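Encoded as structure tokens, the structure appears first; notes follow it.
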Amino acid sequence: MKENQLIITEDGSHTLFVADLNEHYHSIHGAVTESMHVFIEAGLKPLLEKKKNINVLEIGIGTGLNAALVLLEAENNDAIINYVGAEPYPLSLSLVSQLNYFSIYGGVQMHKAVMNIHSCNRNLPVEIGNHFIMNYLEAPIQNIDLKDSYFDLVFFDAFSPTTQPELWTAEIFAKIFKAMKPNGVLVTYVAKGEVRRTMKACGFTIEKLTGFAGKREMTRANKPSTSTE
Ligand SMILES: C[S@@+](CC[C@H](N)C(=O)[O-])C[C@H]1O[C@@H](n2cnc3c(N)ncnc32)[C@H](O)[C@@H]1O
């Protein structure tokens, strides 16, 4: 296996290129800007307007960028966020310490957030400051037992359906649907018709939102309030 390569994206922030998969962790048009667009603006912020106690599930912690942005939002909004993330391939601390997200967004607070997320003990909840509890599960989502009706928000940030078709399946979406609260929301950068049809078949209602950087669409999937699953 080749080493992940650090790449500078168009907004100046880093992403990683995985040569073995020929895929980047984020859009090359801007890693921080894409995460803000897809996960924070379309996912977290509308929820924060309604509640201050939020359970988040992320599929693919990767560099910890999404988690760190959520930690900062939690602090800035005086919210309490319980963040559960699945990641079978954790990055080394030496690689994480080179990530430059803090120079694009959040300064010292952002740097501390990224380092703390990767340094905390795995597979148990760890408080990082007063507003954020990290539960870094070092395992593939397929192997993780999720509590029923627990998550308010899901960040589905796996590699693309072409690269990782085994994660964009009815089996996985049904498992996540069950783990979400009624009115829970899932956001992903993917807009593929086949993925949306699979989500719909599992009970989600689908919203088509404007995608990041010239991508026509992204997806927000909602668990209906009437769902009994
Ligand atoms: C597109 S990258 C995610 C980027 C990440 N959210 C970030 O902010 O840096 C996809 C991530 O999914 C992880 N992954 C691969 N297989 C997985 C699985 N079966 N379950 C959960 N995560 C997986 C990869 O190791 C990688 O970190």
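The values are calculated or read from the model by the stated rules, or taken from the named source; none is laboratory data. The shown structure was predicted, so the numbers you read here are calculated from the model rather than taken from an experiment. Neighbour counts run over all protein chains shown; Cβ positions are idealised from the backbone, glycine included. Side chains are part of the model used for accessible areas, which takes the heavy atoms of the whole protein and leaves out ligands, DNA and RNA. Shrake-Rupley method; radii C 1.70, N 1.55, O 1.52, S 1.80 Å.
Tabulated data
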item: Conditions (1) away from the ligand (no atom under 13 Å from the Cβ); (2) under 18 Å from THR219 (Cα atoms); (3) open to solvent by 10 Å² or more (accessible area, probe 1.4 Å); number of the one not met by THR33; result: (1)
item: Residue in segment 87-106 that is of a type in the set (D, E, K, R), free of Cβ contacts under 8 Å to residues at least 12 places away in the same chain and either within 12 Å of the ligand (Cβ to nearest atom) or open to solvent by 40 Å² or more (accessible area, probe 1.4 Å) (or both) present; result: no
item: Options PRO161, PRO165, PRO140, PRO182; residue that is open to solvent by 50 Å² or more (accessible area, probe 1.4 Å) and within 16 Å of the ligand (Cβ to nearest atom); result: PRO165
item: Unmet criterion (only one of (1) under 27 Å from ILE80 (Cα atoms); (2) open to solvent by less than 20 Å² (accessible area, probe 1.4 Å); (3) touching a Gly at 6+ places or on another chain (Cβ under 9 Å)) for PHE132; result: (3)
item: Residue count, segment 26-43 (criterion: closer than 20 Å to GLY106 by Cα and out of contact with any helix residue (DSSP H, G or I) (no Cβ under 6 Å at 6 or more places or on another chain)); result: 11
item: Matching residues in segment 18-51 - criterion: being touching a Leu at 6+ places or on another chain (Cβ under 8 Å) and either in a strand (DSSP E or B) or of a type in the set (Gly, Ala, Ser) (or both); result: HIS24, ALA31, SER35, ALA42, GLY43
item: Residue within segment 62-70 that is open to solvent by 10 Å² or more (accessible area, probe 1.4 Å) and either out of contact with any Lys or Arg (no Cβ under 8 Å at 6 or more places or on another chain) or of a type in the set (Ser, Thr, Tyr) (or both) present; result: no
item: Matching residues in segment 181-207 - criterion: being part of a strand (DSSP E or B) and under 17 Å from SER35 (Cα atoms); result: VAL185, LEU186, VAL187, THR188
